[in-house]
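**Student:** Just passing along the structure, written as structure tokens.
The values are calculated or read from the model by the stated rules, or taken from the named source; none is laboratory data. Not measured: the values here are computed from a predicted model. For neighbour counting, all protein chains shown are included, and Cβ atoms are generated from backbone atoms with ideal geometry for every residue, glycine included. We work out accessible area using only protein heavy atoms, side chains counted, and drop any ligands, DNA or RNA first. Shrake-Rupley method; radii C 1.70, N 1.55, O 1.52, S 1.80 Å.
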Amino acid sequence: MSKDKLWGGRFTQPTDKFVEEFTASIQFDKRLYHQDIRGSIAHARMLGKQGIIPMEDVEAIIHGLQQILQQIEAGTFDFSIALEDIHMNIESRLSASIGEAGKRLHTGRSRNDQVALDIRLYLRDEIVDISTYIDLLIDALLVQAEQNLDVIMPGFTHLQTAQPILFSHHLMAYVEMFKRDRARLDDCLKRVNVMPLGAGALAGTTFPIDREYVAEQLDFAAITRNSLDSVSDRDFALEFMADASILMMHLSRFSEELILWSTSSFKFIELSDGFCTGSSIMPQKKNPDVPELVRGKTGRVYGNLMALLTVMKSLPLAYNKDMQEDKEPLFDTIDTVKGSLKIFGDMIREMRVYEANMRRAAGQGFSTATDVADYLVRKGLPFRDAHEAVGNAVKYCIENEMDITELSLAEWQLFSPYFDTDIFSAITVEACINARNVPGGTARERVWSEITRCREGK
Ligand code: ARG
């Protein structure tokens, strides 16, 4: 019985059935099949080139692995729980189909360095994919920013109306956030893209292997430098999950704003029907399910990061079976981030903007009060005194239930003798926006130049 196992030699009793199921990872690590086969082919070629196994065996191994790849892709491969994981499922099938040569494949290798290799190969491709989705989302934001360049909205602090801004400027804030996310992933990729095979179980191998040759075949930029670290390191996965958590935090903040902007109280935007659902009882409802779910899914991405950090926190070097618990949180993070980004890009592209509602709201809530103070400063009043004078004017408006734009010159002059007829043109929302003509400011020409800079890929 124990002879069915690739490691059965020293065992006399069969594995308990439930233990077998409990310890297996094939249910979730089967998604590494492609990387596992690719890594094994590179390893076999290296063994052949180094004269560690005969060249005929290398040919047989490659042919056998390619057949297994086809079977898996055709859905005809029978995965077995008894064979624990993807590595042993493939290796055992290889030996069953090509015999002796198949049994030579694992020379100078351990599942410990093999699994590290597979995860790195897998994550490397996924990071590239995720980066593409970030680019698509950034593009959707740029398109909206270009199309709505002149749309004015209220800017908020504490979710209270603060100062008028361009809607395009608000969108470009997210472009900055997602550009940082992308840069973080580019950087993370440098640590992922390092080749661990050759570490063996933990100490290296007695065979004259050529690690650089394996790295070259698999397009790795470098090889790992310490065999213990090679098999016990999951920093690269944690780093990715931390980057993914920050990215999801950005998507979640954006979701929150989209949800708020879609309410009948705001009505700044409308998401297209494809991204919303109705209510089974309230006929008028159109719920922003997609941003709500993305906001909700942010929780599991944070949870996944915490899960793996906790798995790793007390592990002695080198490999421990605990580390098999790296895969589900990592895979779930990849799937969640990819799905969220994909759906967000499409949703933003189709988002409808209600310019008049935003413009109306931008003029409310004394949004130009700072500009009145700045006006007085330009006339010579110290800023603190100007702040006080405008505060009094705002109080007067609140008491008399009027907006600051409704004050007459005589009323303005109740608060400061510096007020003159030019106050009226100084505090239109357009003037307030275009006056913020500093690098990074909301003035139209500044926002336009930022859009242009991003379009040029800078
Ligand atoms: N399925 C294992 C994992 O995912 C592969 C490595 C197993 N190594 C071992 N010595 N049991 O971590």
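**Student:** Highest mean first, how do 308-314, 411-417 rank when packing is the count of other Cβ atoms within 10 Å averaged over residues?
**Tutor:** Ranking the peptides 308-314, 411-417 by packing returns 411-417, 308-314.
**Student:** Could you sort His387, His34 by their accessible area in this structure, using a 1.4 Å probe and putting the largest first?
**Tutor:** His387, His34
**Student:** Taking the full set of protein chains and a 1.4 angstrom probe, give the accessible area of Thr370 in square angstrom, rounded to the nearest 10.
**Tutor:** 50 Å²
**Student:** Shape call for segment 328-369 from the C-alpha gyration tensor, a ≥ b ≥ c root eigenvalues: rounded (a/c under 1.5), prolate (a/b greater than b/c) or oblate?
**Tutor:** oblate
**Student:** What is the percent carbon and sulfur in the accessible area of segment 339-458, measuring with a 1.4 Å probe over the protein chains and ignoring ligands?
**Tutor:** 52 percent
**Student:** Under the definition of Cα pairs under 8 Å and six or more residues apart, what whole-number percent is the relative contact order of the chain?
**Tutor:** Values: 610 pairs, mean separation 73.3, N = 458.
For the chain, the relative contact order is 16 percent.
**Student:** Probe radius 1.4 Å, ligands and nucleic acids ignored: give me the carbon and sulfur share of the accessible area of segment 159-265 as a rounded percent.
**Tutor:** 53 percent
**Student:** What chymotrypsin sites (Phe, Trp or Tyr not before Pro) does segment 2-85 have in DSSP loop regions with at most 14 other beta carbons within 10 Å?
**Tutor:** Trp7, Phe11
**Student:** Next up: Can you give me the relative contact order of segment 45-162 as a percent, contacts being Cα pairs under 8 Å and 6 or more apart?
**Tutor:** Working: 51 pairs, mean separation 21.0, N = 118.
For segment 45-162, the relative contact order is 18 percent.
**Student:** Sorted by mean Cβ packing within 10 Å, highest first, what order do the peptides 240-246, 402-408 take?
**Tutor:** Top of the packing list down: 240-246, 402-408.
**Student:** Quick one: accessible surface of Met282, probe radius 1.4 Å, all protein chains present, in square angstrom to the nearest 10.
**Tutor:** Rounded to the nearest 10, the figure is 80 Å².
**Student:** Could you list, in their original order, any pairs among Lys297/Lys342; Lys5/Lys103; Lys190/Lys342 whose Cα atoms are separated by more than 18 Å?
**Tutor:** Over 18 Å apart, Cα to Cα: Lys190/Lys342.
**Student:** Of the peptides 419-426, 125-132, 328-335, how do they stack up when ordered by the mean number of other Cβ atoms within 10 Å, highest first?
**Tutor:** 328-335, 125-132, 419-426
**Student:** I would also like to ask the following. Once amide H atoms are built 1.01 Å from N in the peptide plane, which residues 5 or more positions from Ile165, or in another chain, come under 5 Å H to H?
**Tutor:** Correct list: Met153, Gly155.
**Student:** Could I ask something else about it? Check cross-link reach from Lys395 to the aspartates and glutamates: straight Cα distance under 15 Å, and skip same-chain residues fewer than eight apart.
**Tutor:** Cα-Cα hits under 15 Å: Asp403, Glu406, Glu411.
**Student:** Any idea of Lys379's accessible area? Nearest 10 Å², probe 1.4 Å.
**Tutor:** Accessible area, nearest 10 Å²: 70 Å².
**Student:** Given H placed on each backbone N at 1.01 Å, which residues far from Met195 in sequence or on other chains put an amide H within less than 5 Å of it?
**Tutor:** Result for Met195 returns Ala222, Ile223, Thr224.
**Student:** Give the accessible surface of segment 45-108 per residue, rounded to a whole number of Å², with probe radius 1.4 Å and ligands, DNA and RNA excluded.
**Tutor:** The answer is 46 Å² per residue.
**Student:** Let me ask something additional. Give the relative contact order (percent, whole number) for segment 236-290; include only Cα pairs under 8 Å separated by 6+ residues.
**Tutor:** For segment 236-290, the relative contact order is 20 percent.
**Student:** Quick one: net charge of Ile61's neighbours, Cβ under 11 Å, K/R +1, D/E -1? Display every interim value, and only then the final one.
**Tutor:** Working: positive: Arg45, Lys103, Arg104; negative: Glu56, Asp57, Glu59, Glu91, Glu100.
Charge balance in the 11 Å sphere: -2.
**Student:** Can you say what percent of the DSSP beta bridges in the chain, counting only those with both residues inside, are antiparallel? Round to 5. Kindly include the intermediate steps, with their values, before the conclusion.
**Tutor:** Numbers: 9 of 11 bridges.
Looking only at bridges with both residues in the chain, the antiparallel portion is about 80 percent.
**Student:** Follow-up. When the accessible area of segment 34-91 is split by element with a 1.4 Å probe, what percent falls to carbon and sulfur?
**Tutor:** Percent of accessible area from carbon and sulfur atoms in segment 34-91: 48.
**Student:** Report, in deg cm²/dmol and to the nearest 500, the calculated mean residue ellipticity at 222 nm for the chain, where each DSSP H run with n ≥ 4 adds -39500 (n - 2.57) and the sum is divided by the residue count.
**Tutor:** Helices in the chain give a 222 nm mean residue ellipticity of -19500 deg cm²/dmol.
**Student:** With a probe of 1.4 Å, find how much accessible area segment 145-239 has per residue, and write the answer as a whole number in Å².
**Tutor:** Averaged over the residues of segment 145-239, the accessible area is 44 Å².
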